[in-house]
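Have a look at the structure below before the remarks.
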Amino acid sequence: QVQLVESGGGLVQPGGSLRLSCAASGGIFSIYAVGWYHQAPGKQRELVASITGGGTTNYADSVKGRFTISRDNAKKTVYLQMNSLKPEDTAVYYCNFYPRGRSWGRGTQVTVSS
């Protein structure tokens with residue numbers, strides 16, 4: 001079974017940048033659409049961005065123009081480049097297959113604070 005592992009989170013000041021990675025192992029990856037999701041404390045998990053196997057992307061309005069999702073199928077990795085970060089971006093970020101996800105991983109914490 002394919003597993004997805006998130007990494008790259010951390011603490012950053014408002015206006016800063018982070019790049020998250022979602023690395024796949026244990027199965028075929030390139031044909032699947034993948035989404036990045038986030039979950040802030042006390043809130044439900046929600047989709048941030050998605051990318052199809054063919055590279056078509058979509059973004060939540062809250063991150064449009066600031067975040068970029070991309071994939072490197074040779075590396076079996078999906079990235080989320082996050083620029084112009086805001087405190088409201090603070091959340092645990094998860095990746096999963098989209099739109100029908102599988103089991104959730106540990107996620108990676110992104111904290112945007114001055």
Expected field for Ile31, accessible surface area in Å² at 1.4 Å probe radius, rounded to 10, holds 120 Å²
Extension length gain for Ser17 and Ser84 (0.36 nm per residue less Cα distance), in nm, is 23.5 nm
Relative contact order in percent for the chain (Cα pairs under 8 Å, 6+ apart) equals 36 percent
Per-residue accessible area, 1.4 Å probe, largest first, puts Glu88, Glu46 in the order Glu88, Glu46
The stretch 7-71: Kirkwood hydrodynamic radius (Cα pairs, Å) comes out at 13.3 Å
With DSSP loop assignment and no more than 13 other C-beta atoms within 10 Å, the trypsin sites (Lys or Arg not before Pro) in the stretch 1-48 are Lys43
At the level of C-alpha centres, the distance separating the stretch 1-47 and the stretch 50-64, in angstrom, is 13 Å
Excluding residues fewer than 8 positions from Lys86 in its own chain, the lysines with Cα under 16 Å of it are Lys64
Normalised Cα Rg of the chain, dividing by 2.2 N^0.38 Å with N its residue count, works out at 0.98
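The values are calculated or read from the model by the stated rules, or taken from the named source; none is laboratory data. Keep in mind that this is a model prediction, so the values were computed, not measured. Positions of Cβ are generated from backbone atoms using ideal geometry, with glycine treated the same way; all protein chains shown enter the neighbour counts. When the accessible area is computed, the model is the full protein with side chains, heavy atoms only, and any ligands, DNA or RNA have been set aside. Shrake-Rupley method; radii C 1.70, N 1.55, O 1.52, S 1.80 Å.
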